[in-house]
Structure formats: C-alpha cells, structure tokens
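K.L.:
Here it is: the structure, laid out below.
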Amino acid sequence: MPQSFIAVNGEVSHFDSASGLGQILTMQGESYRFHCIEINDESREINIGAKVTCEIWPVLGGYEAVNIAPLDK
C-alpha cells in the first residue's frame, strides 16, 4: 500500500463547487489541486480561505492534495 508523500498545512485558494475541483496553497507557497471527494468530512464543500491540513500524494504524473481536513471549524 502506498504511503503519503508529505503532510502539509495550507489554505484553500480556489474551489468550484459545480466541478468539485479546487486548489490548496501550502504554507511553503506551493499549490496543489484537489477534488472534493478528498475533503475528509464527506461534505464535498469547503470555503475559499479555509485553513486545512492535507497530504500530498503522487497522482497520474503529478501531485495532488488528499485527505483534506479543515482546521477552522
């Protein structure tokens, strides 16, 4: 079973509810895409500007944010 590449904290910089696609900007200034199924509270919704913790995994030749947990509930 693959292990996570890295755990990071960041902020949701973009999220389109209709497509379920978004982007997280990490505290280190890196940006990673995500799909709403990776939001771990199963809501499939998250606010732009929400502080999160997530894991960065290699996906299809790139890296994406997975296991996204909002920090400011």
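Computed from the coordinates by the stated procedures, all read-outs in this text should not be read as laboratory data. Keep in mind it's a predicted model, so treat the numbers as computed, not measured. Reconstructed Cβ throughout: ideal geometry from the backbone, glycine too, with neighbour counts over all protein chains shown.
K.L.:
Could you please tell me which pairs satisfy a Cβ distance under 8 Å, a separation of 6+ or placement on different chains, a first residue in segment 26-45 that is without any contact (Cβ under 8 Å) to a residue 24 or more places away in the chain and surrounded by 18 or more Cβ atoms within 10 Å (Cβ to Cβ), and a second residue that is among the charged types (D, E, K, R) and part of a loop (DSSP other than H, G, I, E, B)?
P.N.:
From segment 26-45, the pairs are 36/44; 36/45.
K.L.:
How many residues, within segment 46-59, are of a type in the set (A, V, I, L, M, F, W, C), in contact (Cβ under 8 Å) with a residue 40 or more places away in the chain and over 11 Å from residue 70 (Cα atoms)?
P.N.:
Qualifying residue count, segment 46-59: 2.
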